[in-house]
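Following: one structure in structure tokens, then a few remarks.
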Amino acid sequence: MRARTGGFRAAAWTATRRPSPSAGVPNPSGFNYDEAPNQYEGSTCCRAATRRGFNQWYQILPYIEQNNIYNLGRDDPPFWPNVANNGGEDDVARQLVKIYYCPSRRGPTGYGDVTFGRCDYAGNAGFYQGEIHEGFGDIPVPPLGRSPRRNERTHENWGDWPGNKGFIVWPGRGAKRTIASIMDGTSNTIAAAEKNLPPSVQGTDGGDNERWNNSGWDEDNVRYHFPPLADTDPRAFATFPDGSAGVHRRYFGSAHDGGLNAVFADGSVHFISFNVDAVAFMRACVADDGQAVNAIGQ
């Protein structure tokens with residue numbers, strides 16, 4: 001997952017700097033990441049206007065022998081609002097990459113009439129300030145939580161907040177993750193892991209409803225430090241109290257009995273029990289808190 005610039009591959013942009021309508025006039029609404037105090041969901045969502053902002057699962061395709069899919073992306077000019085299939089986003093999304101699906105959960109599957117694929121894995125974006133489930137008000141008490149409520153597209157949750165950094169960062173304002181910035185050590189820091197996804201909401205969940213390649217800085221492709229849960233755990237709310245789907249859950253998990261698989265920044269893969277100590281798991285997600293934990297998944 002190393003980039004040629006010396007850093008690791010970054011995650012998605014949810015927009016692209018200076019996108020323009022077809023008339024060519026810059027459209028600042030396509031790159032709004034400066035939410036006013038107490039504002040929530042006032043920033044641009046939810047996918048990039050160019051393939052330069054496609055997420056990490058697209059960016060690493062040449063490194064996993066999937067150049068043919070990578071090359072379906074194009075360097076089209078960015079437009080906002082989006083132009084249909086700009087950058088080849090739809091052409092790429094229809095390609096079902098087998099290794100991006102956990103066989104214990106589902107085979108390669110496209111959803112909707114457009115048959116866009118999904119991904120069962122998410123990058124580790126570190127510590128999340130705010131709710132475990134968006135809209136539920138469930139902010140944990142410290143040290144597992146912090147108030148006030150923020151969404152994933154605010155500075156505190158971009159994966160690069162000092163003392164709260166993850167392995168995956170939002171690169172729209174220049175952030176990148178290097179080996180030197182993983183202060184707790186690559187063998188102690190989770191890079192990516194399986195994401196929680198209740199069976200009844202596959203393809204429609206708030207963290208499984210976007211193109212696998214162009215999902216923005218979103219729970220489809222990034223998760224955070226909260227304790228991981230099995231897909232069938234009743235604490236992994238599948239719907240809102242009114243029965244509507246689309247819950248954005250911000251934690252890892254899996255369809256396995258007992259735990260989930262995680263790849264660490266040194267490239268090693270470990271199975272982590274769902275009974276893992278919550279604080280220890282948090283330490284393994286945060287790359288620069290000075291609290292190295294070397295017993296996770298060993």
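The values are calculated or read from the model by the stated rules, or taken from the named source; none is laboratory data. The structure presented is a predicted model; accordingly, all values stated were derived computationally and were not measured. Counting neighbours? That spans all protein chains shown, and the Cβs are built from the backbone with ideal geometry, glycine included. For accessibility, only protein heavy atoms count, side chains too; no ligands or nucleic acids. Shrake-Rupley method; radii C 1.70, N 1.55, O 1.52, S 1.80 Å.
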>> Exactly one condition in (1) open to solvent by less than 10 Å² (accessible area, probe 1.4 Å); (2) closer than 29 Å to residue 43 by Cα; (3) touching a helix residue (DSSP H, G or I) at 6+ places or on another chain (Cβ under 8 Å) is false for residue 227; which is it?
In response: (1)
> Can you tell me which residue in segment 21-58 is nearest to the chain's Cα centre (by Cα), limited to those that are among the aliphatic types (A, V, I, L, M) and modelled with pLDDT under 75?
Replying inline: 36
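Find the residue count for segment 125-143, including only residues that are hydrophobic (A, V, I, L, M, F, W, C) and touching a residue at least 40 places away in the same chain (Cβ under 8 Å). Working first, answer last.
So in segment 125-143, the residues hydrophobic (A, V, I, L, M, F, W, C) come out as 125, 127, 132, 136, 139, 141.
Checking which are touching a residue at least 40 places away in the same chain (Cβ under 8 Å) leaves us with 125, 127, 132, 136.
Adding up the residues that qualify gives 4.
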> Given the structure, is residue 87 assigned to a strand (DSSP E or B), farther than 22 Å from residue 235 by Cβ and not charged (D, E, K, R)?
Replying inline: no
>> Can you say whether residue 297 is part of a loop (DSSP other than H, G, I, E, B), at pLDDT below 95, within 22 Å of residue 99 (Cα to Cα) and open to solvent by 10 Å² or more (accessible area, probe 1.4 Å), as far as the supplied structure shows?
In response: yes
> Hey, among the residues in segment 192-224 that are of a type in the set (S, T, N, Q) and surrounded by 24 or more Cβ atoms within 10 Å (Cβ to Cβ), which one's nearest to residue 97 (Cα to Cα)?
Replying inline: 213
>> Against the condition in a loop (DSSP other than H, G, I, E, B), over 19 Å from the mean Cα position of the chain (by Cα) and either among the acidic types (Asp, Glu) or at pLDDT 95 or above (or both), how does residue 72 come out, does it pass?
In response: yes
>> For segment 50-69, give me each residue that is out of contact with any helix residue (DSSP H, G or I) (no Cβ under 6 Å at 6 or more places or on another chain) and part of a loop (DSSP other than H, G, I, E, B).
In response: 54, 55, 60, 65, 66
> Only one residue in 110, 126, 135 is open to solvent by less than 10 Å² (accessible area, probe 1.4 Å) and not acidic (Asp, Glu). Which one?
Replying inline: 126
>> As an exercise: evaluate residue 200 against (1) at pLDDT below 95; (2) more than 16 Å from the chain's Cα centre (by Cα); (3) not in a loop (DSSP other than H, G, I, E, B) and give the number of the one condition it does not meet.
In response: (1)
> Which of the residues that make up segment 41-80 are open to solvent by less than 60 Å² (accessible area, probe 1.4 Å) and of a type in the set (Ser, Thr, Tyr)?
Replying inline: 43, 44, 50, 58, 70
> Among the listed residues 50, 44, which satisfies the condition of being among the β-branched types (Val, Ile, Thr) and under 28 Å from residue 148 (Cα atoms)?
Replying inline: 44
> Got at least one residue in segment 105-113 being closer than 24 Å to residue 167 by Cβ, touching a Phe, Trp or Tyr at 6+ places or on another chain (Cβ under 9 Å) and assigned to a loop (DSSP other than H, G, I, E, B)?
Replying inline: no
> In segment 146-157, how many are within 19 Å of the chain's Cα centre (by Cα) and either over 19 Å from residue 39 (Cβ atoms) or open to solvent by 20 Å² or more (accessible area, probe 1.4 Å) (or both)?
Replying inline: 4
> Does segment 219-240 contain at least one residue that is of a type in the set (Gly, Ala, Ser), in a loop (DSSP other than H, G, I, E, B) and farther than 21 Å from residue 91 by Cα?
Replying inline: yes
> Taking residue 88, is it in contact (Cβ under 8 Å) with a residue 12 or more places away in the chain and within 30 Å of residue 289 (Cβ to Cβ)?
Replying inline: no
> Taking residue 189, is it on the phi < 0 side of the Ramachandran plot, in contact (Cβ under 8 Å) with a residue 12 or more places away in the chain and open to solvent by less than 10 Å² (accessible area, probe 1.4 Å)?
Replying inline: yes
